Amino acid sequence: MRITVAKGDGIGPEIMNATLSILNAANAGLEYDEIRIGEKEYLSGNTSGISKESWKTIRKNKIFLKAPITTPQGGGYKSLNVSIRKSLGLFSNVRPCLSLAPFIETKHPVMDVVIVRENEEDLYAGIEHQQTDEVVQCLKLISRPGCEKIVRYAFEYAKKFNRKKVTCFSKDNIMKQTDGLFHSVFKEISKEYPEIENEHWIVDIGAAKLADSPEAFDVIVMPNLYGDILSDVAAQITGSVGLAGSSNIGHTCAMFEAIHGSAPDIKGNDIANPSGLIQGAVLMLKHIGKNKVAEKIQNAWLSTIEQGIHTRDIYKEGISKKCVGTKEFTDAVINNLNSEPKTLKKVEFQEKGRIEIPIFKRKKEKKKELIGVDIFVHWSGENPDEIAASLKKIEQNNITLDMITNRGIKVWPNGFEETFCTDHWRCRFKTTNNDVITKQDIINLLSSANENSLDVIKTENLYLFDGKQSFSLGQGQ
Ligand code: NAD
């Protein structure tokens, strides 16, 4: 079977060479198409960090083993990792984080958590704008297909691998529309899996609990940003961020990697821990049904850890036996290919790792009624009553100024003089009884704003979907 590999940047080539030599020594039966992506490609003038040819190779082989890459800072380069995940529709990012006590020092010896991170949307849509002198914006996009796919994936994962509980982390006490959708889809889909326990935590206290008592969790599903942050936390508290692998799964393609980055601070010194990428390769072997090879490599890796042969990041006096470099660690894993761990639990992979979930089917469209518009205005004044007076002049028939907020907090009518205001004002125009308006009404409103020299920087329409108000109120409203 042919797969695509990329050696990446920083420690990437060292840990990829290590991983490929283990795969070859274990007779994994793989052939490799190597592509160049990352820093060199960016700096050669390709701002996407990847060539058209490389895209073709990835899409042809469908399975991609990738070492970490460096996104150059400044220069507006987009993260290639995010581009690959999104372009190939790799909606699910699975990151198992397992403690290997007593062989790797950890405060959490009984930890076995799998983080299922949504991988295509949230703030990672990367849609950002500067709108006024003082305010920049990043759009947080959460979609029903995105939520359904990832939540279903988490439950199917739990079902397939005999996990007992799926926990959802979200922040819907604040973000009622976006995180609210994630949580409500979780509630809906959890009903289809009565045999699996389900629970929800607000992400802040959930994160604190995860860092303090990870044994309380099993599978945790969360939106992209929280998953990015908390999977690093979870990996780190097992002993090192260098220990965890990650799979990025879509309907047709899949990419496997380490969760950590390219660690430029230690590159070329033969000290990097290749375990994260080895774990990524084991996840890949399970995904493509090569369970026997996956078992062989995993048991060899566990045996090596158990023998106390440790790279610098996990080496501890009194626990470890020998501090080794990347190459020596790799040789030890290869020497152990016919060994099984004695104290740590040896693995047996019965199930094919691949999880199929149905393609999202668009539901019947809801009844959508336009009842107003939020007009965002760049204004450098300070007194909300002054901007309100200008805005009152552009009211149209039954569409009147309902409120003004600044960074979400209501400042008119009846704001507090203590509230700090920037130059970015959200001015809500709507009908009093939720009467329906037209797009032409909004155009008239905007024309009038223009005639009155109001600097409109963007608008957001206010809708009822199936009669339900589908926008947030101002804080304090
Ligand atoms: P990092 O994960 O590369 O490094 C963080 C710390 O962990 C460093 O001290 C590093 O030495 C250590 N570390 C990481 N992996 C290790 C390993 N295998 N063995 C031993 N120690 C290890 O994070 P960073 O420094 O924030 O990012 C460096 C670069 O990596 C950035 O350009 C970033 O954009 C990129 N990055 C890439 C990916 C990816 O390709 N998937 C993911 C995250 C960051």
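Odds and ends about this structure:
- Of the listed requirements (1) more than 13 Å from the ligand (Cβ to nearest atom); (2) in contact (Cβ under 8 Å) with a residue 12 or more places away in the chain; (3) not in a loop (DSSP other than H, G, I, E, B), residue 27 misses just one: (3).
- Neighbours by Cβ (under 6 Å, 6+ apart or cross-chain): first from the range 335-355, in contact (Cβ under 8 Å) with a residue 24 or more places away in the chain; second part of a loop (DSSP other than H, G, I, E, B) and small (Gly, Ala, Ser): 337/26; 352/289
- When the residues of the range 247-261 are filtered to those that are at pLDDT 95 or above and near the ligand (Cβ under 7 Å from one of its atoms), the one that is farthest from residue 120 (Cα to Cα) is 258.
- Condition met for residue 37 (part of a helix (DSSP H, G or I) and among the β-branched types (Val, Ile, Thr)): no
- Flag if residue 224 is within 11 Å of the ligand (Cβ to nearest atom) and not acidic (Asp, Glu): no
- Residue 382 vs. criteria surrounded by 13 or more Cβ atoms within 10 Å (Cβ to Cβ), in a loop (DSSP other than H, G, I, E, B) and over 33 Å from the mean Cα position of the chain (by Cα): no
- For the range 51-82, a residue qualifies if it is more than 8 Å from the ligand (Cβ to nearest atom) and part of a loop (DSSP other than H, G, I, E, B), and the qualifying residues are 51, 62, 74, 75, 76, 77, 78.
- The single residue among 280, 242, 289, 268 that is among the small types (Gly, Ala, Ser), touching a strand residue (DSSP E or B) at 6+ places or on another chain (Cβ under 8 Å) and either farther than 21 Å from residue 330 by Cα or modelled with pLDDT of 95 or more (or both) turns out to be 280.
- Consider the range 417-434 and keep the residues that are of a type outside the set (Ser, Thr, Tyr) and in contact with a Lys or Arg (Cβ under 9 Å, 6 or more places away or on another chain). The one that is surrounded by the fewest Cβ atoms within 10 Å (Cβ to Cβ) is 420.
- Enumeration of residues in the range 285-322 that are of a type in the set (S, T, N, Q), within 19 Å of residue 161 (Cβ to Cβ) and either in contact with a helix residue (DSSP H, G or I) (Cβ under 9 Å, 6 or more places away or on another chain) or not assigned by TED's automatic domain parsing to the domain that holds residue 23 (or both): 291, 298
- Counting only helices (runs of 4 or more DSSP H) that fall entirely inside the range 130-222 and contain at least 1 residues that are modelled with pLDDT under 95, the qualifying elements are 144-160.
- Of all residues assigned to the range 323-333, at least one qualifies as being assigned to a loop (DSSP other than H, G, I, E, B) and within 16 Å of the ligand (Cβ to nearest atom).
- Among (1) under 26 Å from residue 27 (Cβ atoms); (2) part of a helix (DSSP H, G or I); (3) within 12 Å of the ligand (Cβ to nearest atom), the one test that residue 273 misses: (2)
The values are calculated or read from the model by the stated rules, or taken from the named source; none is laboratory data. Only a predicted model underlies this, so the values are computations on that prediction, with no experimental measurement involved. Quick reminder, even Gly has a Cβ in these numbers, built from the backbone with ideal geometry, and neighbours come from all protein chains shown.
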